[in-house]
Amino acid sequence: MTIKLYNTATRSKKIFRPLHPPEVKFYVCGPTVYDYIHIGNARVFIVCDLIRRYLEYRGYRVKMVQNYTDIDDKMIRRAGEENISVSELAEHYIAAYRQDAEALKIRPPDYSPRATGYIPQIISLIGKLLAKGLAYPGGGDIYFDTSRFPPYGKLSSQDREELMAGARVEPGEKKKNPLDFALWKEEKPGEPAWESPWGRGRPGWHIECSAMSMHLLGDTLDIHAGGTDLIFPHHENEVAQSEGATGKPFSRYWIHIGYLNLDHQKMSKSLGNVLTVRHLLKRHNPYDLRFFMLSAHYRSPVNFSEMLLEQARRGRLRLQELVDNLGHALQTASTAMGKDKKSPVSSGLLDGARERFVAAMDDDFNTAGAVAVLFELAREVNLYLKQEYPYQREIVEDVLRFYREVNDVLDIIDFNSSLEMDQEIRRAIAAREEARKKGDWAVADRIREELLDRGILLEDTPHGVRWKRK
RNA sequence: GGCGACAUAGCCAAGUGGUAAGGCAGAGGACUGCAAAUCCUUUACCCCCGGUUCGAAUCCGGGUGUCGCCUCCA
């Protein structure tokens, strides 16, 4: 097993070696549940799910944790605007996230902790940092003292001095140093608060991830992932808190997923160009969205537009067609013994494709390369379907099995797209066949048109009529 | 200002030393009653200028351009 992955911490691609193979401890920074997730969020979650699936495909046992941030400034502000409690807001958007994720074929993680469910662990972690002199009280808040943690800035390759120069100092700050960040915030009127040894209050943003990941996965994770914008300060701060408290490496690998822009612009509330998954799924197929995401490398920034999605849709259709056609071929395939040695589809061809698929994916999850392999194989298989008849059941099944196998990882093809043959449609098709036999093209074409209007597309193959949803 | 990423055909996109995968769109052809699907053929001065090398899209230096982070944005 030689998967290579790019580690943000070392800025290089290295062979992946988890601490205790075959187990992989994988933590993903999940959504702040103050709104519906947008297409950019979706990219992160789709990619992380893909990484998990691929690691499992390669024999690892992945223990995956993805949190919900259900208490922070944005949550409080939003709840205030909607005039509901923070926990009501959280419940609503957690449920919404689950629906969206399921629609996008994102498998649920093994654990989905909420920050508010880990207050005791957070308090104990802060206590440890205070005891070690890495944190200090400022007013009723508790801050992490970045000056006491020399490696600060290592993950994001930032120099402390430079960071200091660029840092903004708010008036009325209770920090000693502009880079210090809040571990615990003193209670403010009307805001949720919990008891702690240093008064009522709530956790800062960064501490929750450290507390939850270490509690569920242990002091050292194998992989920690999130969007690139989390590198600094969020992940830098997590490293400081966690390694400061335990003295052990926090995560062996850091994976950061590139940004998704909308018409070359960052999505933002102020520009009013936020595209939610919910909105997109009304008009688009989830497989098309997934295929779009996976057609570029996860680290490169990608642009999103209706036109690009349409382009992706047509490409994906090629693979979908292939699988549909194979399903159709299976209906007439013979069970003749022994494979035709001269067949363009030999088991060697499939093994070769699998090898190249794995090689691409092993190389830092090169999904674009992996998909290309599927296209190349598709051409060979189409050639077989075109030239060899009757089809041999064993060959058709082998190919289908292969696509099913890789699709367990990528999930870009719908294997349940064939539908029940409706009585009425069956009759219309039979009537059309009758007309065609008589050479009555006008009637045949009219029936085809009528079915097309109803979304049924007919294809006259040399081996019988096929129909599918348009 | 600091840190970092990226620049490959009309479009999307792989490719880290040996004269450029794959997809979309386009053109031509085959198949078809016509379609659809499919197959075949076809489309690249790899941003610019230097350097290293027998040889560079790929390494090094410089430039230009786009973008991200440094503001609790995925």
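The values are calculated or read from the model by the stated rules, or taken from the named source; none is laboratory data. Predicted model, so just to flag it, every value in this text is computed and none were measured. Please note: Cβ atoms are built from the backbone with ideal geometry, for glycine as well, and neighbour counts cover all protein chains shown. With ligands, DNA and RNA removed, areas are computed over all heavy atoms of the protein, side chains included. Shrake-Rupley method; radii C 1.70, N 1.55, O 1.52, S 1.80 Å.
Observations on the structure shown:
- Taking all Cα-Cα distances within the range A:43-127, those exceeding 18 Å account for 55%.
- Sorting A:383, A:377, A:275 on solvent-accessible area from highest to lowest, probe radius 1.4 Å, gives A:383, A:275, A:377.
- With the largest listed first and rounded to whole Å, the semi-axes of the equivalent ellipsoid of the range A:227-272 from the Cα gyration tensor are 31, 12, 5.
- If you wrap the Cα atoms of the range A:4-281 in a convex hull and average its projected area over all directions, you get 15.1 nm².
- Computed over the range A:1-154, Kirkwood Rh from alpha-carbon pairs, angstrom: 18.2 Å
- Ligands, DNA and RNA left out, the 1.4 Å accessible surface of the range A:304-410 is 51% carbon and sulfur atoms.
- Shape category assigned to the range A:396-453 from the gyration tensor of Cα positions, a/c cut at 1.5: prolate
- Stretching the chain fully between residue A:382 and residue A:174 yields a gain of 68.1 nm (0.36 nm per residue, less the alpha carbon separation).
- Across the range A:423-469 the C-alpha pair distances fall into 5 Å bins from zero in the proportions 5, 23, 36, 27, 9, 0 percent.
- In terms of packing, defined here as the mean over residues of other Cβ atoms within 10 angstrom, the peptides A:68-75, A:201-208, A:362-369, A:442-449 line up highest first as A:201-208, A:68-75, A:362-369, A:442-449.
- Highest average packing first - A:187-197, A:223-233, Cβ atoms within 10 Å: A:223-233, A:187-197
- Convex hull (Cα only) mean projected area of the range A:152-266, reported in nm² to one decimal: 9.9 nm²
- Values of log10 I(q)/I(0) for the range A:94-217 across q = 0.11, 0.15 Å⁻¹ run -0.49, -0.83, by the Debye formula with one identical scatterer at each alpha carbon and no solvent.
- Beta bridges from DSSP with both residues in chain A: antiparallel share about 50 percent, rounded to the nearest 5.
- Computed over the range A:304-410, the quotient of the alpha carbon radius of gyration and 2.2 N^0.38 Å is 1.14.
- Per-residue ellipticity at 222 nm from helix content only, as computed over chain A with -39500 (n - 2.57) for each DSSP H run of at least four residues, stands at -15000 deg cm²/dmol.
- Averaging Cα coordinates gives a centre for the range A:361-396 and one for the range A:277-316; these two points are 22 Å apart.
- The Rg/Rh ratio for chain A, using Cα coordinates for both the radius of gyration and the Kirkwood hydrodynamic radius, is 1.07.
- Considering only A:293, A:109, A:194, the residue lying farthest towards the positive end of the dipole of chain A is A:293, judged by Cα position with unit charges set on Cβ.
- Prolate/oblate/rounded call for the range A:178-328, Cα gyration tensor, a/c under 1.5 rounded: prolate
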